[in-house]
Amino acid sequence: MANKFKGAHASPMGTHTPATADSLPRADPRADHRGDGPKGGGPSSTRGRGFAYIGLEQCDAVLRKFDQRAKEMTLDAYARALGHEEGPISRFLHKLNALEKFRLIDRDKESLRLTPLAISMLNARNEDAVAVARAEVFFAYSDFKRLFDYCPKGKDVDRASAKEFTTTKLGILNRVDEFVDLFTESAHFAGLLEDRPSRRAETFRLRAAAVPIGASPASSGKIAGPADSPRMAAADVDAWLDLVRGTYGPQCKVTQSPDDKVRLHVVDGDITIELAVRIVIKTSAAFTELPRIAELMRRQGLKA
């Protein structure tokens with residue numbers, strides 16, 4: 001890929017100097033990152049903020065070309081892995097930009113590295129783990145999270161309303177329909193969209209929490225569960241209450257559980273733990289906190 005990157009150059013002996021993360025130009029955050037030039041919608045306009053060139057499903061596919069054992073690659077090596085030895089280098093730049101927006105890669109002076117979010121998504125093995133990992137990556141893209149938070153859940157969302165929020169609140173002025181399409185397609189891949197996405201559909205409907213793609217309607221509104229295990233001893237319940245209250249304070253509401261099962265799930269965006277008592281945690285970051293709570297429960301010998 002000689003002379004493909006800005007900053008790469010030939011030495012006096014004519015040998016190629018590999019590009020580094022500093023020499024590789026970052027895509028203009030003000031531009032509309034949807035192509036390679038004026039016709040394709042590349043960095044040709046500075047009137048509005050840009051957005052990811054590809055959605056979550058495409059990012060997942062691109063990420064699987066990364067060296068997952070080493071978890072680190074040079075820019076040249078990754079460009080070759082993606083087939084960008086020839087052709088417009090802007091396509092490679094836009095893919096890197098999208099991976100960064102979803103917080104899937106980090107750059108330093110010499111290389112690219114997978115983030116913990118990327119490793120979690122790549123290593124997820126069962127449907128529930130995949131749903132949790134994809135939802136976390138979806139919400140890592142701040143513009144997607146803001147639009148998701150704005151939209152009602154379990155009800156039809158008018159596309160025109162989503163477009164208005166995108167332009168007035170997110171500052172994305174160009175190719176707004178494409179942004180909304182990427183949003184709904186990515187939400188579907190993350191298990192956050194009811195039914196299949198339809199481009200230019202007048203309405204769409206979001207779920208309050210992720211459900212594995214292909215899961216039955218009965219599982220709607222639940223993520224990574226519910227999983228049952230035997231009832232906890234009273235002393236263990238008290239210890240859990242102390243732990244959760246100490247961590248989340250006034251965000252917690254405790255009531256009597258209706259049965260003897262232990263469950264962990266999300267309903268209407270709130271984390272619910274049932275273990276002889278029901279603990280509801282009001283949080284705006286359920287998909288970030290849920291794996292943390294599940295790990296604490298696992299350490300206590302509770303299946304979650």
- Query: If you go through the stretch 70-110 one residue at a time, how many are at pLDDT 90 or above and of a type in the set (S, T, Y)?
  - Reply: 2
- Item | Test: V211 is outside the structural domain of L99 (by TED's automatic domain parsing), among the hydrophobic types (A, V, I, L, M, F, W, C) and closer than 30 Å to A70 by Cα | no
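Mind checking which residues of the stretch 53-104 are part of a loop (DSSP other than H, G, I, E, B) and hydroxyl-bearing (S, T, Y)? Walk me through how you get there before you give the answer.
Of the residues in the stretch 53-104, the ones part of a loop (DSSP other than H, G, I, E, B) are 53-55, 64-71, 74, 82-88, 102-104.
Residues satisfying the conditions are Y53, T74.
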- Query: So which of I105, I89 is surrounded by 18 or more Cβ atoms within 10 Å (Cβ to Cβ) and touching a strand residue (DSSP E or B) at 6+ places or on another chain (Cβ under 8 Å)?
  - Reply: I105
- Message: Consider the stretch 113-144. How many of its residues are of a type outside the set (A, V, I, L, M, F, W, C) and either in contact (Cβ under 8 Å) with a residue 24 or more places away in the chain or within 14 Å of G55 (Cα to Cα) (or both)?
- Response: 8
- Task: Look at the stretch 159-213 and say how many of its residues are of a type outside the set (D, E) and outside any helix (DSSP H, G or I).
- Result: 28
- Could you list, in sequence order, the residues of the stretch 138-158 that are part of a helix (DSSP H, G or I) and either touching a Ser or Thr at 6+ places or on another chain (Cβ under 7 Å) or assigned by TED's automatic domain parsing to the domain that holds K101 (or both)? F138, F144, L147
- Item | Residues of the stretch 154-193 satisfying the condition of being buried (at least 17 other Cβ atoms within 10 Å of the Cβ) and over 22 Å from A98 (Cβ atoms) | V157, R159
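The values are calculated or read from the model by the stated rules, or taken from the named source; none is laboratory data. Small disclaimer: the values here were computed from a predicted structure and weren't measured. Note that each Cβ is placed from the backbone with ideal geometry, even for glycine, and that neighbours are counted across all protein chains shown.
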